[in-house]
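A short write-up of the structure that comes next.
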Amino acid sequence: MRQTKITLIMSTLAVAVTAMAGNPFFETYKTPHQTIPFNEIKTEHFFPAFEEAMKQHTLEVDGIINNPQEPTFENTIVALERSGALLTKVSSPFYNLMSSETNDELQAIAEKISPLVTEHSNSVRLNEKLFARIKAVYLQKDKLKLTPEQQMLLKDTYEGFTRSGANLSDTDKAAYRELTKELNMLTLQYGQNVLKETNKYSLLITAKALLSGLPADFMDVLLSNAKKAGKEGWLLNLKATCYVPFMKYADNRDLRRELYMANSSKCMLGGEFDNRENVRKIVNARLKISNLLGFKSYADYELVDRMAEEKAKVYDLLDKLRLAYKPEAEKEYAAVQEYADKHGAYFIVQPWDWSYYSEKLKDEKFAVNDEMLKPYFELENVKKGVFGLATRLYGIKFTKNTKIPVYNPEVDTYDVTDENGKFLAVLYTDFHPRDGKRAGAWMSDFKNQSMVENTDSRPQITVVMNFTRATDTKPALLTFDEVKTFLHEFGHSLHGMLSKCTYESLSGTNVYRDFVELPSQIMENWASEKDFLDGFAKHYKTGEKIPAELIQKIKDSENFNNAYLCMRQLSFGYLDMGWHTLEKPFEGDVTVFEKELMTSTQILPMIPNTSMSPNFSHIFSGGYAAGYYSYKWAEVLDADAFSVFSKNGIFDKKTAGSFRKNILEKGGSEHPMILYKRFRGQEPTIDAILKRDGITK
Ligand SMILES: [Zn+2]
């Protein structure tokens with residue numbers, strides 16, 4: 001019904017029709033599978049389309065509110081779910097292009113449009129008449145005989161509104177609005193302080209001898225850093241691209257210490273960018289908001305929409321992992337100390353020594369590196385391997401379709417079909433870095449799967465990477481980590497492509513945050529399986545299969561210092577939970593409280609005048625508050641789920657079929673623990689991750 005709705009409104013608004021002429025967003029796409037006509041969309045089409053789409057959405061919402069019939073699940077919850085189709089049609093290509101093919105004009109539109117879109121969605125979220133109808137349906141929920149997916153939609157819709165304060169008294173609503181405004185400002189300021197403090201620091205080195213140990217291409221980066229700043233020599237800074245390799249390779253211990261201290265004392269030593277007061281204010285504002293909405297702490301509020309459900313379960317996981325990994329982590333520390341001693345260190349290994357000696361020990365122990373592996377991972381072969389894995393597991397096939405319009409000639413498109421030849425999805429792949437593409441790798445969708453008027457409207461999914469491209473003499477060769485990244489994002493794309501849900505907002509990857517990484521991370525498990533690698537990992541020059549001993553080395557080196565890394569992740573998890581389970585406003589000393597929270601996971605010596613909380617953007621200015629644990633949660637899940645494949649065979653069709661039916665097809669249509677138990681037969685345990693990480697044999 002989407003298109004009829006649009007046509008209807010168009011014909012009544014004669015003036016708007018002329019502005020719409022020639023704007024593809026107002027027409028039915030005539031492309032294969034109604035994919036986005038990138039060849040016809042021009043930058044100037046976006047703004048008028050956004051404006052019109054918001055207008056239409058408002059009219060649709062008004063239609064729901066003014067419906068003379070009593071509120072029902074269909075005329076309120078489903079109607080709201082289906083509303084805003086044109087807005088989705090415009091925003092999906094827009095925001096995808098903002099990430100993968102942006103330019104100044106697009107950025108300018110984004111700046112103009114984002115406050116309007118925020119205002120628009122607030123006007124829907126804070127619409128009292130709309131909420132009154134939703135609440136009326138919600139209160140009858142037990143009598144309505146809804147399917148599990150419908151129950152989920154009702155719950156999500158209702159909670160979406162109440163979590164924005166819709167159910168509060170007028171006084172509390174005003175307080176809520178003030179608090180969210182304050183919190184937004186604080187988190188923004190916090191993030192900017194971290195950025196400014198990071199960017200403020202630089203250290204010019206003029207004597208080359210001080211930089212011994214650094215790889216030549218990294219030296220070039222430092223050289224060009226200096227040049228850009230109008231200086232001569234090598235310029236160090238605190239950005240990850242400089243900090244991480246420097247700590248790994250620099251022989252000069254004093255410089256490592258200097259850089260470590262600068263990095264670990266960011267925003268905590270006084271001065272204009274100090275974040276300690278912001279930390280206090282942020283946790284206190286979050287606590288007040290949670291209290292207003294009826295929760296004891298911010299973690300209680302956040303965990304409602306998580307697979308973990310409650311803080312006791314989060315702590316249970318953190319504690320179990322800590323007890324299991326700590327003895328091994330201490331052994332790893334002792335081994336690095338021993339190696340350092342053997343190589344002339346007359347000191348206790350400190351945080352600024354850890355990466356340096358670990359890297360050297362790893363080299364000595366495993367003698368495997370990217371350059372040895374890359375020749376076996378030519379992109380075209382890896383792609384065949386990854387697509388082929390999906391074919392083996394799920395029977396799905398990928399056929400290139402050059403008739404689908406793309407936003408850049410480098411992008412490829414595929415028709416994805418099921419075992420019986422039935423069309424499943426469109427898949428876009430975009431592999432290489434370009435100006436206008438942001439860093440990293442991600443999966444996204446141009447269109448989600450949903451049922452529209454009893455017709456299954458199939459999804460359009462994209463995976464975007466930043467792999468080094470081919471040169472005149474060499475094809476594109478991937479590192480082992482990049483192979484895993486490909487599998488990871490492809491796993492997300494399977495979640496999107498195989499979706500079989502009714503409602504768009506619950507389909508594909510629209511699931512709870514601590515569940516969304518299961519379909520992606522599980523795919524990474526295949527990367528170090530010999531039977532999988534044998535199928536495609538061939539030397540790009542000689543065609544020789546990847547040697548078995550090399551695969552073994554990959555496997556062995558993957559667990560190197562794993563327990564230490566786990567303890568580090570756990571320490572961040574405890575820190576995050578500590579701040580967000582507070583039930584009283586915090587007025588104490590940030591650093592002192594942090595030490596209490598992190599002591600039980602500490603492996604390396606604690607260093608005075610350093611602190612994590614004032615520069616932990618993930619939880620204080622990103623979206624991970626009371627959610628940092630989910631990294632580990634998802635790892636436990638993926639190891640536990642993969643253990644079923646390990647047991648039944650990594651290509652076992654029956655296991656794959658069950659994973660598809662119970663997890664990949666279901667999106668967020670039911671609670672993730674219910675879905676997971678249907679696949680696994682029980683709740684996840686940590687046994688498999690302990691085994692995979694080499695903690696138990
Ligand atoms: Zn992911």
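Residue 489: within 16 Å of the ligand (Cβ to nearest atom), of a type in the set (Asp, Glu) and touching a residue at least 12 places away in the same chain (Cβ under 8 Å), yes or no?
yes
For residues that are free of Cβ contacts under 8 Å to residues at least 40 places away in the same chain and in a strand (DSSP E or B), scanning just the range 424-456, find the one that is farthest from the ligand (Cβ to nearest atom).
It comes out as 455.
Is it the case that some residue within the range 275-289 is surrounded by fewer than 18 Cβ atoms within 10 Å (Cβ to Cβ) and over 26 Å from residue 611 (Cα atoms)?
The answer is no; no qualifying residue exists.
Just one of the numbered conditions (1) away from the ligand (no atom under 16 Å from the Cβ); (2) part of a helix (DSSP H, G or I); (3) within 28 Å of the chain's Cα centre (by Cα) is not true of residue 502; which one?
Evaluating residue 502 over (1) away from the ligand (no atom under 16 Å from the Cβ); (2) part of a helix (DSSP H, G or I); (3) within 28 Å of the chain's Cα centre (by Cα) leaves (2) as the failure.
Of all residues in the range 303-318, count the ones that are of a type outside the set (Phe, Trp, Tyr), open to solvent by 40 Å² or more (accessible area, probe 1.4 Å) and either more than 18 Å from residue 286 (Cβ to Cβ) or at pLDDT 95 or above (or both).
Total satisfying the criteria: 6.
Within the range 294-314, which residues are part of a helix (DSSP H, G or I) and not charged (D, E, K, R)?
Within the range 294-314, 298, 299, 301, 303, 312, 314 qualify.
Output the residues belonging to the range 512-538 that are away from the ligand (no atom under 16 Å from the Cβ) and either more than 17 Å from residue 388 (Cα to Cα) or not polar (S, T, N, Q) (or both).
Selection gives 529, 530, 531, 532, 533, 534, 535, 536, 537, 538.
Somewhere in the range 377-384, is a residue touching a strand residue (DSSP E or B) at 6+ places or on another chain (Cβ under 6 Å), open to solvent by less than 20 Å² (accessible area, probe 1.4 Å), under 27 Å from residue 99 (Cβ atoms) and outside any loop (DSSP other than H, G, I, E, B)?
Scanning the range 377-384 turns up no residue that is touching a strand residue (DSSP E or B) at 6+ places or on another chain (Cβ under 6 Å), open to solvent by less than 20 Å² (accessible area, probe 1.4 Å), under 27 Å from residue 99 (Cβ atoms) and outside any loop (DSSP other than H, G, I, E, B).
Could you tell me which residue of the range 43-95 is surrounded by the most Cβ atoms within 10 Å (Cβ to Cβ), considering only residues that are among the small types (Gly, Ala, Ser) and without any contact (Cβ under 8 Å) to a residue 24 or more places away in the chain?
Filtering first and then ranking leaves 79.
Looking at residue 101, is it more than 30 Å from residue 132 (Cβ to Cβ), in contact (Cβ under 8 Å) with a residue 40 or more places away in the chain, crowded, with 17+ Cβ neighbours inside 10 Å and of a type in the set (D, E, K, R)?
Yes, satisfied.
For the range 680-695, which positions are in a helix (DSSP H, G or I) and surrounded by fewer than 19 Cβ atoms within 10 Å (Cβ to Cβ)?
687, 691 - these are the residues of the range 680-695 that are in a helix (DSSP H, G or I) and surrounded by fewer than 19 Cβ atoms within 10 Å (Cβ to Cβ).
Tell me whether the range 292-301 contains one or more residues that are of a type in the set (Lys, Arg) and closer than 30 Å to residue 673 by Cβ.
Yes, some residue in the range 292-301 is of a type in the set (Lys, Arg) and closer than 30 Å to residue 673 by Cβ.
With more than 16 Å from the ligand (Cβ to nearest atom), basic (Lys, Arg) and part of a helix (DSSP H, G or I) as the only criterion, which of 541, 584, 555 stands out?
Of 541, 584, 555, the one residue that is more than 16 Å from the ligand (Cβ to nearest atom), basic (Lys, Arg) and part of a helix (DSSP H, G or I) is 555.
Matching residues to (1) open to solvent by 40 Å² or more (accessible area, probe 1.4 Å); (2) among the basic types (Lys, Arg); (3) modelled with pLDDT of 95 or more; (4) not in a loop (DSSP other than H, G, I, E, B):
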residue	(1), (2), (3), (4)
181	yes, yes, no, yes
184	yes, no, no, yes
188	yes, no, no, yes
210	yes, no, yes, yes
218	no, no, no, yes
245	no, no, no, yes
251	yes, no, yes, no
261	no, no, yes, yes
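Of the conditions (1) farther than 20 Å from residue 383 by Cβ; (2) in contact (Cβ under 8 Å) with a residue 24 or more places away in the chain, residue 473 satisfies every one except a single condition; which number is it?
With respect to (1) farther than 20 Å from residue 383 by Cβ; (2) in contact (Cβ under 8 Å) with a residue 24 or more places away in the chain, residue 473 is out only on (2).
Given the condition within 14 Å of the ligand (Cβ to nearest atom), more than 29 Å from residue 693 (Cβ to Cβ) and crowded, with 18+ Cβ neighbours inside 10 Å, answer yes or no: does some residue in the range 463-483 qualify?
Yes, the conditions are met somewhere in the range 463-483.
What are the residue pairs meeting all of these: first residue in the range 516-532, first residue under 15 Å from residue 555 (Cα atoms), second residue part of a helix (DSSP H, G or I) and near the ligand (Cβ under 9 Å from one of its atoms), Cβ atoms under 8 Å, and 6 or more apart or on different chains?
Filtered contacts from the range 516-532: 524/488; 524/491.
For the range 398-449, give me the residue count where each residue is buried (at least 16 other Cβ atoms within 10 Å of the Cβ) and acidic (Asp, Glu).
4
For (1) out of contact with any Leu (no Cβ under 9 Å at 6 or more places or on another chain); (2) in contact (Cβ under 8 Å) with a residue 12 or more places away in the chain, each residue gets a yes or a no:
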site: 571; (1), (2): no, yes
site: 587; (1), (2): yes, yes
site: 592; (1), (2): yes, no
site: 599; (1), (2): yes, no
site: 610; (1), (2): yes, yes
site: 641; (1), (2): no, yes
site: 654; (1), (2): yes, no
site: 664; (1), (2): no, yes
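Filtering the range 190-208 down to residues that are without any contact (Cβ under 8 Å) to a residue 40 or more places away in the chain and over 15 Å from residue 243 (Cα atoms), which residue is surrounded by the most Cβ atoms within 10 Å (Cβ to Cβ)?
Filtering the range 190-208 for residues that are without any contact (Cβ under 8 Å) to a residue 40 or more places away in the chain and over 15 Å from residue 243 (Cα atoms), the one surrounded by the most Cβ atoms within 10 Å (Cβ to Cβ) comes out as 192.
Enumerate the pairs (first residue in the range 315-336 and assigned to a helix (DSSP H, G or I); second residue anywhere and among the basic types (Lys, Arg) and crowded, with 20+ Cβ neighbours inside 10 Å) with beta-carbon separation below 8 Å, excluding pairs fewer than 6 apart on the same chain, so at least 6 apart or on different chains.
So the pair list comes out as 317/632; 318/632; 321/632.
The values are calculated or read from the model by the stated rules, or taken from the named source; none is laboratory data. Computed from a prediction, not measured in an experiment: that's the story for all the values here. Every residue, glycine among them, receives a Cβ derived from its backbone with ideal geometry; neighbour counts consider all protein chains shown. Only protein heavy atoms, including side chains, enter the accessible area calculation; ligands, DNA and RNA are left aside. Shrake-Rupley method; radii C 1.70, N 1.55, O 1.52, S 1.80 Å.
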